[in-house]
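The values are calculated or read from the model by the stated rules, or taken from the named source; none is laboratory data. Quantities reported herein were computed from a predicted structural model and do not represent experimental measurements. Don't worry about glycine lacking a Cβ; one is built from the backbone with ideal geometry, like all the others, and counts go over all protein chains shown. With ligands, DNA and RNA removed, areas are computed over all heavy atoms of the protein, side chains included. Shrake-Rupley method; radii C 1.70, N 1.55, O 1.52, S 1.80 Å.
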Amino acid sequence: MNPAVVPTLVAACRRQPVERVPIWLMRQAGRYLPEYRELRSRYGMLDILGSAELAARVTLQPLRRFDFDGAIIFADILPPLIGIGLELSFGNGTSPRIHNPIRTAREVAALRASDPRHDLAPTMDALRMVRAELPPRVALIGFSGAPFTLATYAIEGGTSRQFTLTKRMMFEQPAAWHALMERLTRLVTDYLIAQAEAGAQVLQVFDSWAGVLSTDDYRAHVLPFLRQVCVDLQPAGVPLIYFSTGTGTMLETLADLPCDVLSVDWRVDLAAARRLLPARMAIQGNLEPALLFAPAELLEARARTVLRAGAAASGYIFNLGHGILPQTPPEAVARLVDLVHGYRPAAAGNAPQAASR
Ligand code: CP3
(Lines give C-alpha, C1' and ligand atoms only; values in the text may rest on other atoms or scores of the structure.)
Protein backbone atom coordinates (compact mmCIF):
# COMPACT_ATOMS: atom_id res chain seq x y z
CA MET A 1 0.00 0.00 0.00
CA ASN A 2 1.21 3.47 -0.81
CA PRO A 3 1.37 5.23 2.56
CA ALA A 4 1.10 8.64 0.86
CA VAL A 5 -2.48 7.97 -0.27
CA VAL A 6 -5.11 8.88 2.32
CA PRO A 7 -8.37 7.24 1.22
CA THR A 8 -11.22 9.75 0.79
CA LEU A 9 -13.24 7.88 3.40
CA VAL A 10 -10.49 8.26 6.00
CA ALA A 11 -10.07 11.97 5.13
CA ALA A 12 -13.82 12.54 5.57
CA CYS A 13 -13.78 10.74 8.96
CA ARG A 14 -11.12 13.24 10.02
CA ARG A 15 -13.11 16.16 8.54
CA GLN A 16 -10.37 16.92 6.07
CA PRO A 17 -11.41 18.45 2.73
CA VAL A 18 -12.25 15.95 -0.03
CA GLU A 19 -12.65 16.26 -3.79
CA ARG A 20 -15.75 14.06 -3.84
CA VAL A 21 -18.11 12.67 -1.23
CA PRO A 22 -17.09 9.14 -0.19
CA ILE A 23 -19.76 6.42 -0.28
CA TRP A 24 -20.08 2.88 1.03
CA LEU A 25 -23.21 1.03 2.10
CA MET A 26 -23.84 -0.88 5.29
CA ARG A 27 -24.28 -4.59 4.45
CA GLN A 28 -22.87 -3.95 0.97
CA ALA A 29 -21.56 -7.53 0.81
CA GLY A 30 -24.49 -9.87 1.03
CA ARG A 31 -27.78 -11.23 -0.16
CA TYR A 32 -28.77 -8.57 -2.74
CA LEU A 33 -25.81 -9.75 -4.86
CA PRO A 34 -26.41 -12.91 -6.99
CA GLU A 35 -22.72 -13.83 -6.67
CA TYR A 36 -23.08 -13.85 -2.85
CA ARG A 37 -26.24 -15.98 -3.02
CA GLU A 38 -24.45 -18.42 -5.32
CA LEU A 39 -21.53 -18.84 -2.90
CA ARG A 40 -23.89 -18.98 0.09
CA SER A 41 -25.85 -21.84 -1.54
CA ARG A 42 -22.67 -23.90 -1.29
CA TYR A 43 -21.37 -22.81 2.15
CA GLY A 44 -22.88 -22.08 5.56
CA MET A 45 -22.46 -18.62 7.08
CA LEU A 46 -20.00 -19.89 9.72
CA ASP A 47 -18.05 -21.75 7.01
CA ILE A 48 -17.57 -18.49 5.09
CA LEU A 49 -16.58 -16.63 8.26
CA GLY A 50 -14.17 -19.44 9.21
CA SER A 51 -12.34 -19.26 5.88
CA ALA A 52 -10.16 -16.21 5.32
CA GLU A 53 -10.14 -16.91 1.59
CA LEU A 54 -13.96 -17.06 1.29
CA ALA A 55 -14.51 -14.07 3.59
CA ALA A 56 -12.00 -12.03 1.57
CA ARG A 57 -13.71 -13.05 -1.67
CA VAL A 58 -17.17 -11.97 -0.41
CA THR A 59 -15.73 -8.68 0.91
CA LEU A 60 -14.44 -7.87 -2.57
CA GLN A 61 -17.61 -8.90 -4.48
CA PRO A 62 -19.34 -5.49 -4.26
CA LEU A 63 -16.04 -3.70 -5.06
CA ARG A 64 -15.89 -5.51 -8.41
CA ARG A 65 -19.28 -4.06 -9.34
CA PHE A 66 -19.34 -0.63 -7.69
CA ASP A 67 -16.87 2.22 -7.20
CA PHE A 68 -17.26 2.24 -3.39
CA ASP A 69 -14.78 4.20 -1.28
CA GLY A 70 -14.74 1.56 1.44
CA ALA A 71 -14.70 -2.23 1.69
CA ILE A 72 -16.27 -3.59 4.88
CA ILE A 73 -14.78 -6.89 5.95
CA PHE A 74 -17.21 -9.79 5.59
CA ALA A 75 -17.90 -10.90 9.15
CA ASP A 76 -20.81 -10.54 11.57
CA ILE A 77 -21.34 -8.92 14.96
CA LEU A 78 -22.18 -12.24 16.68
CA PRO A 79 -19.22 -14.66 16.17
CA PRO A 80 -17.03 -12.86 18.77
CA LEU A 81 -19.54 -14.16 21.35
CA ILE A 82 -18.44 -17.74 20.56
CA GLY A 83 -15.03 -16.96 22.06
CA ILE A 84 -16.53 -16.10 25.46
CA GLY A 85 -18.56 -19.32 25.52
CA LEU A 86 -21.83 -18.72 23.69
CA GLU A 87 -23.14 -21.28 21.20
CA LEU A 88 -24.17 -19.53 17.98
CA SER A 89 -25.91 -20.77 14.86
CA PHE A 90 -27.03 -19.01 11.69
CA GLY A 91 -30.14 -20.38 9.97
CA ASN A 92 -31.04 -20.07 6.32
CA GLY A 93 -32.90 -16.80 6.03
CA THR A 94 -33.81 -16.88 9.73
CA SER A 95 -32.51 -14.90 12.67
CA PRO A 96 -29.25 -16.15 14.23
CA ARG A 97 -29.64 -18.03 17.56
CA ILE A 98 -27.64 -18.20 20.77
CA HIS A 99 -28.41 -21.59 22.32
CA ASN A 100 -27.14 -20.90 25.85
CA PRO A 101 -28.29 -17.32 26.58
CA ILE A 102 -26.97 -15.44 29.60
CA ARG A 103 -29.63 -14.58 32.18
CA THR A 104 -27.96 -14.64 35.63
CA ALA A 105 -24.93 -13.22 37.45
CA ARG A 106 -23.58 -16.76 37.74
CA GLU A 107 -23.76 -17.20 33.95
CA VAL A 108 -22.00 -13.87 33.43
CA ALA A 109 -19.23 -14.92 35.82
CA ALA A 110 -18.78 -18.21 33.95
CA LEU A 111 -18.04 -16.47 30.60
CA ARG A 112 -14.60 -17.31 29.28
CA ALA A 113 -11.77 -14.93 28.39
CA SER A 114 -11.29 -14.50 24.65
CA ASP A 115 -8.39 -13.27 22.57
CA PRO A 116 -9.96 -12.17 19.26
CA ARG A 117 -6.57 -12.31 17.53
CA HIS A 118 -6.63 -16.03 18.09
CA ASP A 119 -10.36 -16.84 18.32
CA LEU A 120 -11.20 -14.81 15.19
CA ALA A 121 -7.96 -15.47 13.31
CA PRO A 122 -9.71 -16.10 9.94
CA THR A 123 -11.24 -12.60 10.08
CA MET A 124 -7.82 -11.12 10.83
CA ASP A 125 -6.29 -13.07 7.92
CA ALA A 126 -9.15 -11.95 5.66
CA LEU A 127 -8.43 -8.30 6.56
CA ARG A 128 -4.79 -8.73 5.56
CA MET A 129 -5.74 -10.48 2.31
CA VAL A 130 -8.28 -7.80 1.35
CA ARG A 131 -5.92 -4.93 2.17
CA ALA A 132 -3.32 -6.47 -0.14
CA GLU A 133 -5.88 -6.57 -3.00
CA LEU A 134 -7.54 -3.18 -2.58
CA PRO A 135 -6.36 -0.08 -4.44
CA PRO A 136 -4.89 2.46 -1.99
CA ARG A 137 -7.81 4.89 -2.47
CA VAL A 138 -10.31 2.36 -1.07
CA ALA A 139 -10.42 2.19 2.74
CA LEU A 140 -10.69 -1.14 4.54
CA ILE A 141 -13.44 -1.02 7.20
CA GLY A 142 -13.46 -3.26 10.27
CA PHE A 143 -16.41 -3.47 12.65
CA SER A 144 -17.91 -4.83 15.82
CA GLY A 145 -21.28 -4.92 17.51
CA ALA A 146 -21.61 -2.41 20.34
CA PRO A 147 -21.68 -3.77 23.91
CA PHE A 148 -25.43 -3.06 24.27
CA THR A 149 -26.50 -4.66 20.98
CA LEU A 150 -24.30 -7.70 21.70
CA ALA A 151 -25.84 -7.91 25.20
CA THR A 152 -29.34 -8.08 23.68
CA TYR A 153 -28.34 -11.13 21.62
CA ALA A 154 -26.47 -12.75 24.54
CA ILE A 155 -29.48 -12.30 26.86
CA GLU A 156 -32.46 -12.76 24.51
CA GLY A 157 -30.83 -15.58 22.52
CA GLY A 158 -31.75 -13.93 19.21
CA THR A 159 -33.45 -10.91 17.69
CA SER A 160 -36.24 -9.52 19.83
CA ARG A 161 -39.18 -7.12 19.57
CA GLN A 162 -39.58 -5.92 23.15
CA PHE A 163 -36.15 -6.73 24.62
CA THR A 164 -37.90 -7.57 27.88
CA LEU A 165 -35.22 -9.96 29.19
CA THR A 166 -32.50 -7.42 28.43
CA LYS A 167 -34.34 -4.60 30.21
CA ARG A 168 -35.19 -6.87 33.13
CA MET A 169 -31.54 -7.73 33.70
CA MET A 170 -30.70 -4.01 33.49
CA PHE A 171 -33.30 -3.10 36.14
CA GLU A 172 -33.56 -6.25 38.31
CA GLN A 173 -29.91 -7.35 38.37
CA PRO A 174 -27.82 -4.20 37.97
CA ALA A 175 -24.63 -5.92 39.15
CA ALA A 176 -25.02 -8.72 36.60
CA TRP A 177 -25.78 -6.14 33.87
CA HIS A 178 -22.70 -4.15 34.78
CA ALA A 179 -20.50 -7.25 34.81
CA LEU A 180 -21.85 -8.40 31.43
CA MET A 181 -21.35 -4.97 29.86
CA GLU A 182 -17.80 -4.86 31.22
CA ARG A 183 -17.03 -8.23 29.66
CA LEU A 184 -18.50 -7.16 26.32
CA THR A 185 -16.71 -3.81 26.40
CA ARG A 186 -13.36 -5.62 26.81
CA LEU A 187 -14.28 -8.04 23.99
CA VAL A 188 -15.34 -5.25 21.60
CA THR A 189 -12.23 -3.20 22.35
CA ASP A 190 -9.82 -6.13 21.89
CA TYR A 191 -11.60 -7.15 18.69
CA LEU A 192 -11.45 -3.65 17.18
CA ILE A 193 -7.78 -3.16 18.12
CA ALA A 194 -6.93 -6.53 16.55
CA GLN A 195 -8.71 -5.47 13.34
CA ALA A 196 -6.77 -2.19 13.23
CA GLU A 197 -3.54 -4.16 13.64
CA ALA A 198 -4.60 -6.44 10.78
CA GLY A 199 -5.06 -3.47 8.44
CA ALA A 200 -8.50 -1.93 9.08
CA GLN A 201 -8.29 1.83 8.39
CA VAL A 202 -11.75 2.75 9.67
CA LEU A 203 -13.74 0.99 12.41
CA GLN A 204 -17.52 1.00 12.84
CA VAL A 205 -19.45 -0.01 15.94
CA PHE A 206 -23.01 -1.23 15.19
CA ASP A 207 -25.50 -0.42 17.96
CA SER A 208 -28.54 -1.49 15.96
CA TRP A 209 -30.95 -1.76 18.90
CA ALA A 210 -29.87 1.23 21.05
CA GLY A 211 -33.09 3.03 20.09
CA VAL A 212 -35.22 0.76 22.29
CA LEU A 213 -33.90 2.54 25.40
CA SER A 214 -35.00 5.81 26.97
CA THR A 215 -32.39 8.56 26.92
CA ASP A 216 -31.94 8.26 30.70
CA ASP A 217 -31.36 4.50 30.56
CA TYR A 218 -29.02 4.88 27.60
CA ARG A 219 -27.01 7.47 29.55
CA ALA A 220 -26.89 5.36 32.70
CA HIS A 221 -26.50 1.80 31.38
CA VAL A 222 -24.89 2.06 27.94
CA LEU A 223 -23.03 5.33 27.34
CA PRO A 224 -20.25 4.83 29.96
CA PHE A 225 -19.22 1.54 28.33
CA LEU A 226 -19.25 3.02 24.83
CA ARG A 227 -17.21 5.93 26.00
CA GLN A 228 -14.67 3.42 27.33
CA VAL A 229 -14.51 1.71 23.91
CA CYS A 230 -13.90 5.07 22.19
CA VAL A 231 -11.20 6.13 24.66
CA ASP A 232 -9.39 2.76 24.55
CA LEU A 233 -9.41 2.87 20.74
CA GLN A 234 -7.81 6.29 20.47
CA PRO A 235 -4.18 5.03 20.66
CA ALA A 236 -4.86 2.81 17.61
CA GLY A 237 -5.14 6.01 15.54
CA VAL A 238 -7.99 4.63 13.40
CA PRO A 239 -11.19 6.70 13.03
CA LEU A 240 -14.22 5.26 14.79
CA ILE A 241 -17.81 5.46 13.48
CA TYR A 242 -20.68 4.91 15.92
CA PHE A 243 -23.88 3.69 14.23
CA SER A 244 -27.26 3.31 15.89
CA THR A 245 -30.90 3.38 14.85
CA GLY A 246 -33.96 4.89 16.51
CA THR A 247 -31.75 7.31 18.45
CA GLY A 248 -32.74 10.53 16.67
CA THR A 249 -34.26 11.87 19.88
CA MET A 250 -30.95 11.37 21.73
CA LEU A 251 -28.55 13.24 19.44
CA GLU A 252 -27.48 15.61 22.20
CA THR A 253 -26.55 12.61 24.32
CA LEU A 254 -24.68 10.94 21.45
CA ALA A 255 -22.77 14.19 20.99
CA ASP A 256 -20.95 13.31 24.25
CA LEU A 257 -19.32 10.27 22.67
CA PRO A 258 -15.61 10.73 21.89
CA CYS A 259 -15.96 9.04 18.50
CA ASP A 260 -14.93 10.53 15.13
CA VAL A 261 -18.11 9.93 13.15
CA LEU A 262 -21.77 9.56 14.05
CA SER A 263 -23.84 7.44 11.65
CA VAL A 264 -27.52 8.41 11.79
CA ASP A 265 -30.60 6.61 10.50
CA TRP A 266 -33.11 7.89 7.92
CA ARG A 267 -35.50 9.28 10.53
CA VAL A 268 -32.98 12.00 11.39
CA ASP A 269 -32.99 15.34 9.58
CA LEU A 270 -29.35 15.72 8.51
CA ALA A 271 -29.37 19.52 8.62
CA ALA A 272 -30.71 19.38 12.20
CA ALA A 273 -28.05 16.79 13.09
CA ARG A 274 -25.40 19.19 11.80
CA ARG A 275 -26.71 21.90 14.11
CA LEU A 276 -27.00 19.63 17.16
CA LEU A 277 -23.72 17.75 16.88
CA PRO A 278 -20.35 19.27 17.77
CA ALA A 279 -18.19 20.32 14.81
CA ARG A 280 -15.52 17.78 15.86
CA MET A 281 -17.88 14.98 14.75
CA ALA A 282 -18.17 13.88 11.14
CA ILE A 283 -21.57 12.57 10.00
CA GLN A 284 -22.49 9.43 8.05
CA GLY A 285 -25.85 8.58 6.50
CA ASN A 286 -28.72 8.51 5.97
CA LEU A 287 -30.75 7.63 2.85
CA GLU A 288 -33.85 5.52 3.57
CA PRO A 289 -32.73 2.03 2.35
CA ALA A 290 -36.12 1.30 0.71
CA LEU A 291 -35.57 4.24 -1.70
CA LEU A 292 -33.29 1.90 -3.68
CA PHE A 293 -36.56 0.27 -4.85
CA ALA A 294 -38.08 3.61 -5.96
CA PRO A 295 -38.22 4.92 -9.56
CA ALA A 296 -34.83 6.35 -10.64
CA GLU A 297 -36.02 10.00 -10.50
CA LEU A 298 -37.30 9.65 -6.94
CA LEU A 299 -34.12 7.89 -5.75
CA GLU A 300 -32.01 10.63 -7.36
CA ALA A 301 -34.07 13.49 -5.93
CA ARG A 302 -33.95 12.05 -2.41
CA ALA A 303 -30.25 11.19 -2.62
CA ARG A 304 -29.57 14.81 -3.67
CA THR A 305 -31.50 16.10 -0.67
CA VAL A 306 -29.34 13.96 1.62
CA LEU A 307 -26.17 15.09 -0.18
CA ARG A 308 -27.01 18.79 0.03
CA ALA A 309 -27.53 18.62 3.80
CA GLY A 310 -24.67 16.21 4.52
CA ALA A 311 -22.00 17.73 2.29
CA ALA A 312 -22.76 21.30 3.40
CA ALA A 313 -19.69 21.04 5.64
CA SER A 314 -16.56 18.88 5.57
CA GLY A 315 -16.69 15.60 7.44
CA TYR A 316 -19.45 13.80 5.58
CA ILE A 317 -19.78 10.18 4.38
CA PHE A 318 -22.72 9.11 2.24
CA ASN A 319 -24.41 5.92 3.40
CA LEU A 320 -27.86 4.49 3.96
CA GLY A 321 -29.67 5.01 7.25
CA HIS A 322 -29.39 1.24 7.94
CA GLY A 323 -28.22 -1.83 6.02
CA ILE A 324 -29.07 -2.42 2.37
CA LEU A 325 -32.21 -4.58 2.05
CA PRO A 326 -31.87 -8.13 0.64
CA GLN A 327 -34.00 -7.68 -2.54
CA THR A 328 -32.37 -4.38 -3.59
CA PRO A 329 -31.65 -4.23 -7.36
CA PRO A 330 -27.87 -3.90 -7.88
CA GLU A 331 -28.52 -1.43 -10.77
CA ALA A 332 -29.99 1.04 -8.28
CA VAL A 333 -26.80 0.82 -6.21
CA ALA A 334 -24.71 1.58 -9.32
CA ARG A 335 -26.90 4.62 -10.06
CA LEU A 336 -26.55 5.87 -6.50
CA VAL A 337 -22.75 5.57 -6.49
CA ASP A 338 -22.52 7.51 -9.78
CA LEU A 339 -24.78 10.24 -8.45
CA VAL A 340 -22.83 10.67 -5.20
CA HIS A 341 -19.50 10.73 -7.01
CA GLY A 342 -20.80 13.26 -9.52
CA TYR A 343 -21.81 15.66 -6.76
CA ARG A 344 -19.37 18.46 -5.92
CA PRO A 345 -19.35 19.11 -2.18
CA ALA A 346 -19.71 22.78 -1.27
CA ALA A 347 -16.86 22.34 1.20
CA ALA A 348 -14.39 20.81 -1.32
CA GLY A 349 -11.01 22.41 -1.10
CA ASN A 350 -12.01 24.54 1.88
CA ALA A 351 -10.37 24.20 5.25
CA PRO A 352 -12.47 22.25 7.76
CA GLN A 353 -15.02 24.45 9.52
CA ALA A 354 -14.00 26.03 12.76
CA ALA A 355 -15.58 24.44 15.83
CA SER A 356 -18.96 26.01 16.47
CA ARG A 357 -19.17 24.73 20.04
O1 CP3 B 1 -21.81 -4.98 5.79
C2 CP3 B 1 -21.34 -6.00 5.25
O3 CP3 B 1 -21.45 -6.23 4.05
C4 CP3 B 1 -20.46 -6.90 6.10
C5 CP3 B 1 -21.07 -7.98 6.75
C6 CP3 B 1 -22.08 -7.86 7.89
C7 CP3 B 1 -22.96 -8.91 8.17
N8 CP3 B 1 -23.63 -8.65 9.31
C9 CP3 B 1 -23.08 -10.15 7.36
C10 CP3 B 1 -24.31 -10.96 7.47
C11 CP3 B 1 -22.30 -6.89 8.88
C12 CP3 B 1 -21.66 -5.53 9.03
C13 CP3 B 1 -23.27 -7.40 9.78
C14 CP3 B 1 -23.72 -6.67 10.97
C15 CP3 B 1 -24.82 -7.22 11.78
N16 CP3 B 1 -25.13 -8.52 12.01
C17 CP3 B 1 -25.71 -6.42 12.53
C18 CP3 B 1 -25.63 -4.91 12.65
C19 CP3 B 1 -26.10 -4.20 11.46
C20 CP3 B 1 -27.58 -4.16 11.27
O21 CP3 B 1 -28.04 -4.51 10.17
O22 CP3 B 1 -28.28 -3.70 12.20
C23 CP3 B 1 -26.60 -7.28 13.19
C24 CP3 B 1 -27.75 -6.86 14.10
C25 CP3 B 1 -26.21 -8.61 12.86
C26 CP3 B 1 -26.82 -9.86 13.36
C27 CP3 B 1 -27.33 -10.68 12.24
N28 CP3 B 1 -26.54 -11.41 11.36
C29 CP3 B 1 -28.70 -10.88 11.88
C30 CP3 B 1 -29.88 -10.26 12.60
C31 CP3 B 1 -28.70 -11.73 10.76
C32 CP3 B 1 -29.91 -12.32 10.04
C33 CP3 B 1 -30.68 -11.33 9.32
C34 CP3 B 1 -29.85 -10.41 8.42
O35 CP3 B 1 -29.88 -9.20 8.66
O36 CP3 B 1 -29.19 -10.90 7.51
C37 CP3 B 1 -27.35 -12.02 10.43
C38 CP3 B 1 -26.88 -12.85 9.31
C39 CP3 B 1 -25.97 -12.18 8.32
N40 CP3 B 1 -24.91 -11.38 8.61
C41 CP3 B 1 -26.06 -12.29 6.91
C42 CP3 B 1 -25.01 -11.55 6.37
C43 CP3 B 1 -24.65 -11.38 4.91
C44 CP3 B 1 -27.04 -13.15 6.13
C45 CP3 B 1 -26.47 -14.52 6.12
C46 CP3 B 1 -27.05 -15.36 5.06
O47 CP3 B 1 -28.07 -16.01 5.33
O48 CP3 B 1 -26.47 -15.41 3.97
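Structure notes:
- Estimated at the nearest 10 Å², the accessible area of Ile317 is 0 Å² with a 1.4 Å probe.
- Heavy atoms of the protein chains alone define the surface here; on that basis the chain has 41 Å² accessible area per residue at 1.4 Å probe size.
- Two-decimal Rg to Rh for the stretch 193-286 - Kirkwood Rh, Cα set: 0.95
- Set the Cα radius of gyration of the chain against 2.2 N^0.38 Å, with N its number of residues, and you get 0.94.
- Taking the Cα centre of the stretch 239-280 as reference, the dipole from Cβ charges on Lys and Arg (+1) and Asp and Glu (-1) amounts to some 120 debye.
- Compared with the dominant principal axis of the Cα atoms in the chain, helix 121-133 is inclined by about 10°.
- For the stretch 10-63, chymotrypsin sites (Phe, Trp or Tyr not before Pro) meeting the loop criterion (DSSP other than H, G, I, E, B) and having at most 16 other Cβ atoms within 10 Å: Tyr43.
- Percent of Cα pairs exceeding the 19 Å cut-off, where the set is the stretch 71-122: 36
- In whole angstrom, the stretch 7-131 maps to an equivalent ellipsoid with semi-axes of 30, 20, 14, each derived as √(5λ) from the alpha carbon gyration tensor and ordered largest first.
- Per atom type, the chain shows carbon and sulfur on 52% of its accessible surface, probed at 1.4 Å.
- Radius of gyration (Cα atoms) of the stretch 99-209, expressed as a multiple of 2.2 N^0.38 Å: 1.22.
- Two-decimal log10 I(q)/I(0) for the stretch 121-183, as the Debye equation yields it once each C-alpha is a single scatterer, q = 0.13, 0.17, 0.19 Å⁻¹: -0.54, -0.68, -0.74
- The Cα center of the stretch 195-254 and the Cα center of the stretch 65-82 differ in position by 17 Å.
- Built amide H within the under 5 Å cut-off of Leu140, gap 5+: Ala71, Gln201, Val202
- Hull shadow area, averaged, the stretch 67-157 [alpha-carbon convex hull, nm²]: 7.2
- Over the C-alpha atoms of the stretch 248-295, the Rg to Rh ratio, Rh being the Kirkwood estimate, stands at 1.03.
- When the helices of the chain are scored as -39500 (n - 2.57) per DSSP H run of n ≥ 4 and the total is divided over every residue, the value at 222 nm lands at -13000 deg cm²/dmol.
- Computed over the stretch 173-218, the ratio Rg/Rh where both radii use C-alpha atoms and Rh is Kirkwood: 1.08
- Förster radius 45 Å - calculated FRET efficiency between Leu46 and Glu300, Cβ distance, rounded to 0.05: 0.70
- Heavy-atom accessible area order for His341, His178, His221, largest first, 1.4 Å probe: His178, His221, His341
- Per residue, the convex hull spanned by the Cα atoms of the stretch 223-338 amounts to 116 cubic angstrom.
- Residue-span extension gain [Arg117 to Arg161] - 0.36 nm each, minus C-alpha spacing: 12.5 nm
- Sorting the segments 80-93, 111-124 by their mean number of nearby beta carbons within 10 angstrom, highest to lowest, gives 111-124, 80-93.
- Loop-resident sites, the stretch 137-238, for trypsin sites (Lys or Arg not before Pro), counting at most 16 other Cβ within 10 Å (DSSP): Arg137, Arg161
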